[in-house]
Amino acid sequence: MVSFLGRIGRFAIDQIAGMGRMFLFLVSAILLAFRRPAKLRLIVYHIKTIGVDSLSVVALSGFFTGMVMGFQGYYSLRKFNAESWLGSATALGLLRELGPVLSAFMVTGRTGSAMAAELGTMRATEQIDALYSMAINPIKYLVSPRIIAGLIAMPLLTAIFNVIGIFGSYVVGVGMLSVSSGSFFSGMENSVVFHDVYSGITKSVCFGLIITWICCYKGFHASPMATGVSQATTESVVLSFVLILVWDYFLTSIML
Amino acid sequence: MIRVANLHKSFRGQKVLKGVNIEFARGKITTIVGTSGCGKTVLLKHLNALLLPDKGEIFIDSVDISKLRQKELYQIRAKFGVLFQGAALLDSMSVFENVGFPLREKTKMKESNIKKKVADRLEQVGLGEMGHKLPAELSGGMRKRAGLARALIMDPEIVLFDEPTTGLDPVLATSIHQLIARTQEAFGFTGIIVSHTIPQVFEISDYVAMLANGVVEELTPPEVFCSSQNPIVQQFIHGKTEGPIQVL
């Protein structure tokens with residue numbers, strides 16, 4: 001009984017210590033981001049890898065999400081003879097919720113996993129040790145630029161997801177289901193306020209931080225072997241998904 | 001110059017180093033030998049504080065680095081060049097960028113001077129024409145040579161070599177050894193080599209240290225080492241399975 005309780009205690013201490021290490025990793029990456037010299041070239045490079053390289057998958061998923069919302073929204077609203085509110089329903093759903101969350105999922109799958117695998121491979125092949133041995137702080141060189149890039153690229157991707165999603169809904173609603181184009185846009189214009197856009201963008205900034213933080217941490221601390229890299233990649237994706245949904249709940253409840 | 005005193009290190013309860021005492025002579029090459037998994041690389045990684053000891057001291061120029069703060073450790077690491085086992089070149093950069101990387105990051109040297117210095121170092125290691133290639137496009141021997149060029153680019157006082165010839169054929173291994181000897185003669189650094197390539201590595205070594213059972217069993221010039229009466233040394237040199245070194 002005592003040993004069982006001891007194991008539970010040890011597990012709890014390990015988990016809390018692990019969370020503490022993750023938090024300190026984030027704090028040190030943020031503090032180092034403000035230390036000179038600024039890594040502008042690396043930040044721009046990672047904005048490209050997180051943003052530009054994820055653009056096609058985000059645009060595609062945004063378009064199909066919007067089209068599905070067009071069909072589902074039309075089906076639901078027709079029951080109340082409110083088909084003209086399709087544009088409004090789609091825009092609010094995308095701007096406040098689906099845009100930030102789904103684009104964050106896409107970026108996690110597309111770029112976050114690659115980030116964890118890349119840093120994990122760098123750990124396994126002693127490239128991170130090589131940076132330490134050259135007196136270069138690997139957190140400043142590898143992690144801080146990725147986090148800044150995530151904070152910049154994620155809201156931009158979300159905005160693109162939202163615009164393309166609304167277009168997808170328009171194609172289905174107006175083009176296929178004969179909703180009036182005027183009512184589609186006027187409903188949207190009447191119901192969407194700045195706070196809706198602001199809350200979605202705030203969420204996407206938080207998700208950008210979560211994805212880059214978790215994926216960099218897991219990759220950076222991967223076991224130096226092939227299974228270690230694959231495990232770090234899997235854990236980074238799963239943990240990012242979970243944290244995105246948990247934070248989405250809290251942010252929604254705060255900003256409703 | 002470098003003194004290790006009573007160094008202990010464990011990983012998940014397994015004791016790897018159990019009180020290592022050793023002094024590395026300034027401006028000389030010392031080779032550390034020992035069976036696989038005996039802790040040679042662990043010892044090497046303590047010297048530039050990539051690992052920190054559980055117990056014991058490591059003195060670099062009379063400074064105990066095991067008690068330094070992170071910022072001070074970075075200053076100590078600047079004295080070192082390291083050639084890693086797999087060269088550890090950054091895969092996203094060309095060979096030229098890899099070799100020039102420490103200069104760009106740690107100095108305010110002009111770009112034209114960086115290019116000249118990198119070209120010189122690459123020429124010295126026989127990679128003058130390979131600067132534009134990515135590490136993945138190089139053979140194992142070329143990668144080691146590029147790693148050596150990077151290790152030497154900051155004119156370090158101490159260079160650590162972690163198994164520089166592992167996985168190379170005997171001809172290439174000899175050429176890497178000759179390259180290490182030649183560059184040591186040219187730059188006068190203190191070289192510490194972890195190697196399994198015996199007896200070839202003895203030709204370029206001033207001292208040989210035998211690590212076994214978590215301690216340094218022998219530290220002598222190579223000619224004395226080979227004729228040592230220490231049964232551990234004899235078993236290791238002759239590759240016998242029976243003796244004081246336990247083979248799993």
Using distinct alpha-carbon pairs, which all enter the 1/r mean, Kirkwood radius of segment B:103-248 in Å: 17.2 Å
Centroid-to-centroid separation of segment B:59-103 and segment A:95-116 [C-alpha atoms, Å]: 36 Å
Quotient of Cα radius of gyration and Kirkwood radius for chain B, i.e. Rg/Rh, equals 0.97
Other residues with Cβ under 15 Å from the Cβ of A:Ala89 give, with Lys and Arg +1 and Asp and Glu -1, a net charge of -1
Quick check on chain A: helices-only [θ] at 222 nm, where DSSP H runs of length 4 and up contribute -39,500 (n - 2.57) each and the sum goes over total residues. Nearest 500, please. -26000 deg cm²/dmol
What is the distance in Å between the Cα centroid of segment B:151-202 and that of segment B:115-129? 17 Å
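Roughly how many debye, to the nearest 20, is the charge dipole of the protein assembly as shown about its Cα centre, given +1 on each Lys and Arg Cβ, -1 on each Asp and Glu Cβ, and no other charges?
880 debye
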For an R0 of 25 angstrom, estimate the FRET efficiency from the Cβ-Cβ distance between B:Asp169 and B:Glu223 and round to the nearest 0.05. 0.40
Output field shielding_mean for B:82-91 (other chain Cβ, 10 Å radius) holds 5
For the protein assembly as shown, share of DSSP beta bridges that run antiparallel, in % to the nearest 5: 55 percent
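What net charge is computed for the residues neighbouring B:Ser66, neighbours being all others with C-beta under 15 Å from the C-beta of B:Ser66, Lys and Arg scored +1, Asp and Glu -1?
+2
Buried accessible area between B and A (1.4 Å probe, both chains summed, ligands and nucleic acids excluded), in Å² to the nearest 100?
1600 Å²
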How much of the accessible area of segment A:2-255, probe 1.4 Å, is carbon plus sulfur, in whole percent? 72 percent
Using modelled amide H (1.01 Å from N, peptide plane; none on Pro or chain starts), what sits under 5 Å from the amide H of B:Val208, excluding residues fewer than 5 places away? B:Thr31, B:Thr220
Amide hydrogen neighbours beyond the local backbone of B:Val16, cut-off 5 Å, H modeled: B:Lys9, B:Ser10, B:Phe11
Range in chain A, longest, excluding exposed trypsin sites (Lys or Arg not before Pro) [loop by DSSP; at most 15 other beta-carbon atoms within 10 Å]: A:80-256
Taking only the alpha-carbon atoms of the protein assembly as shown, the convex hull volume per residue, in cubic angstrom, is 199 Å³
Karplus-derived 3J(HN,Hα), 6.51/-1.76/1.60, for each residue of segment A:13-30, Hz, glycine and proline x: 5, 4, 5, 5, 4, x, 5, x, 5, 5, 5, 5, 4, 5, 4, 5, 5, 5
Applied in sequence order to segment A:41-53, the curve 6.51 cos²θ - 1.76 cosθ + 1.60 (Karplus, θ = phi - 60°) yields integer Hz couplings, x standing for Gly and Pro, of 4, 5, 4, 4, 4, 6, 4, 5, 5, 7, x, 4, 5
Go through segment B:77-142 and name the trypsin sites (Lys or Arg not before Pro) that are in a DSSP coil and have 10 or fewer other Cβ atoms within 10 Å of their Cβ. B:Lys108, B:Lys110
Have a look at the DSSP beta bridges in chain B and tell me what percent are antiparallel, nearest 5. 55 percent
Per residue of A:130-143, count partner chain C-beta atoms within 10 Å of its C-beta, then hand back the mean as an integer. 6
Percent relative contact order for chain A, counting Cα pairs under 8 Å at least six residues apart, stands at 32 percent
Quick one: 3J(HN,Hα) in Hz for segment B:155-163, Karplus 6.51/-1.76/1.60 with θ = phi - 60°, rounded, Gly and Pro as x. 6, x, 7, 10, 10, 9, 10, 9, 6
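Considering only DSSP states other than H, G, I, E and B, which GluC sites (Glu not before Pro) in segment B:115-200 qualify as loop sites with at most 16 other Cβ atoms within 10 Å?
Counting only loop positions with at most 16 other Cβ atoms within 10 Å, the GluC sites (Glu not before Pro) in segment B:115-200 are B:Glu129.
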Of B:Lys18/B:Lys79; B:Lys71/B:Lys115; B:Lys67/B:Lys115; A:Lys218/B:Lys117, pairs whose Cα-Cα distance is over 32 Å: B:Lys67/B:Lys115; A:Lys218/B:Lys117
Need the full-extension length gain, A:Arg35 to A:Ile13, defined as separation in residues times 0.36 nm minus the C-alpha distance. One decimal, nm. 4.6 nm
Express in whole angstrom the spacing between the alpha-carbon centres of segment B:13-54 and segment A:183-227. 46 Å
Helix-only [θ] at 222 nm, chain B, -39500 (n - 2.57) per DSSP H run of 4+, per residue, nearest 500, equals -10500 deg cm²/dmol
Alpha-carbon Rg/Rh ratio, for segment A:26-66, with Rh computed the Kirkwood way: 1.22
Around B:Val224 (Cβ within 13 Å, Cβ-to-Cβ, excluding B:Val224; K/R +1, D/E -1) the net charge comes to -3
Describe numerically, in nm with one decimal, the distance between label points set 7 Å from Cα along Cα→Cβ at B:Asp120 and at A:Tyr45. 2.6 nm
Mean accessible area per residue over segment A:10-79 (1.4 angstrom probe, all protein chains present, square angstrom) is 67 Å²
Checking buried surface per residue: for segment A:102-127, which residues lose a minimum of 40 Å² accessible area in the protein assembly relative to the chain alone (1.4 Å probe)? A:Glu126, A:Gln127
Taking protein heavy atoms only, a 1.4 Å probe, and rounding to whole percent, the accessible area of segment B:1-158 owed to carbon and sulfur comes out at 48 percent
Residue-normalised accessible area of segment B:41-88, given per residue in Å² at a 1.4 Å probe: 43 Å²
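The values are calculated or read from the model by the stated rules, or taken from the named source; none is laboratory data. It should be emphasised that the depicted structure is a prediction, and the values quoted were computed from it without experimental measurement. Glycine gets a Cβ as well: all are built from the backbone with ideal geometry, and neighbour counts include every protein chain shown. The area values use the complete protein model at the heavy-atom level, side chains included, leaving out ligands, DNA and RNA. Shrake-Rupley method; radii C 1.70, N 1.55, O 1.52, S 1.80 Å.
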